[in-house]
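The values are calculated or read from the model by the stated rules, or taken from the named source; none is laboratory data. What you see is a predicted model, and the numbers here were worked out from it, not measured in a lab. Cβ placement follows ideal geometry from the backbone for every residue including glycine, while neighbour counts extend to all protein chains displayed.
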Amino acid sequence: MSKILLIGGSGFIGQQLAAKLTKAGHEVTLPTRHRENKRADLVLLPYLNLVSADINDDAALSQLVAGQDVVINLVGILQGNEASFKKAHVTLTERIIAACTAQNVNRYLHMSALGADIHGPSMYQRSKGEAEARVKASRLDWTIYRPSVVFGQEDQFLNLFAKLIKIAPFVPLAGADTRFQPVWVQDVTQAFAMGVVDKALIGKTLSLVGPTIYTLKELVTYTAQTVGVCRPIISLPNFLARVQASVMSILPNPPLSHDNLDSLQVDNIDPAGFAPELDWQPTALEAIAPLYLVGKQSVFNQLRGHAHRH
């Protein structure tokens with residue numbers, strides 16, 4: 001079993017990865033600025049060490065890395081300016097690489113994103129691409145993971161659309177024709193867990209995508225059908241989408257920014273499919289999403305009612 005430093009592990013993906021790793025018997029250290037605010041189910045995980053630390057402090061980061069077998073970096077932001085994207089994605093990656101090198105910790109797993117590209121249209125994509133370049137230039141035993149949009153219980157994707165659909169008379173949708181290949185969070189966390197133990201993944205860049213490609217409009221339509229609500233979905237031209245993003249920018253955590261719109265200029269897919277090195281088939285969205293969008297009991301009731309009609 002390995003000693004693992006999980007940086008950026010308190011979010012949607014990180015919490016589920018921490019649970020998977022500790023269940024496998026790995027000892028996981030998860031740094032956080034606010035240990036007392038973490039969920040009880042995370043705090044109570046066996047083999048999990050929640051420590052109060054500032055990962056942007058070099059001395060603290062070096063101390064965290066020391067003695068670890070594997071370092072995992074999940075840090076990512078979706079909103080911000082050029083400086084904040086660079087700090088979160090590029091500068092932090094450089095500092096983690098430096099700490100790993102200084103502490104002789106060779107195994108490094110890096111969360112990137114499908115569409116990461118130093119020449120991409122958005123600050124998010126460019127900064128993710130720059131971070132990948134830093135990782136590949138390092139002497140570490142690295143693996144890079146590039147997921148499409150990740151779905152699962154407590155996601156901020158399908159759940160966000162489900163909430164909007166329930167309260168809005170219609171859905172104005174930017175980037176309606178942009179294509180995505182949603183991947184289940186458990187497929188993502190399993191890929192990272194495999195990277196901890198499988199040396200064959202060293203030096204690999206892995207696409208984490210689901211089995212089906214959808215347009216954004218198709219995903220919103222599916223969400224509406226799943227929660228049993230009928231709403232008109234209006235595809236916005238770019239200039240109206242920009243107005244929408246400007247209006248939303250005044251919100252504390254805006255669901256749409258101009259940089260998000262820039263990302264939507266390119267499809268978020270990999271036609272080659274789920275990384276063959278992982279040797280399993282990813283789970284279909286339709287097998288999982290209804291269980292958390294409407295609840296297990298509701299799904300079972302629907303299936304039961306359907307069965308009784310025949």
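See the values below:
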item: Residue under evaluation Ser84, criteria (1) crowded, with 18+ Cβ neighbours inside 10 Å; (2) modelled with pLDDT of 95 or more; (3) not in a strand (DSSP E or B), criterion not met; result: (1)
item: Scan of segment 251-268 for residues that are under 16 Å from the mean Cα position of the chain (by Cα) and either charged (D, E, K, R) or crowded, with 20+ Cβ neighbours inside 10 Å (or both), ordered by number; result: Ser263, Asn268
item: Test for Gln79: is it under 20 Å from Ser122 (Cβ atoms) and assigned to a loop (DSSP other than H, G, I, E, B); result: yes
item: Every residue from segment 106-134 that is under 24 Å from Gln16 (Cα atoms), touching a residue at least 40 places away in the same chain (Cβ under 8 Å) and not hydroxyl-bearing (Ser, Thr, Tyr); result: Arg107, Leu109, Met111, Leu114, Gly115, Lys128, Ala131, Glu132
item: Residue list for segment 173-224, restricted to those being acidic (Asp, Glu), over 15 Å from the mean Cα position of the chain (by Cα) and farther than 20 Å from Ala162 by Cβ; result: Asp177, Asp198
item: Spans of helices (runs of 4 or more DSSP H) in segment 187-266 with at least 2 residues more than 21 Å from Pro121 (Cα to Cα); result: 216-227
item: For Arg231: the one exception among (1) of a type in the set (D, E, K, R); (2) surrounded by 13 or more Cβ atoms within 10 Å (Cβ to Cβ); (3) out of contact with any Pro (no Cβ under 9 Å at 6 or more places or on another chain); result: (3)
item: Qualifying positions in segment 97-130 - more than 16 Å from the chain's Cα centre (by Cα) and outside any loop (DSSP other than H, G, I, E, B); result: Ile97, Ala98, Ala99, Cys100, Thr101, Ala102, Arg107, Tyr108, Met123, Arg126, Glu130
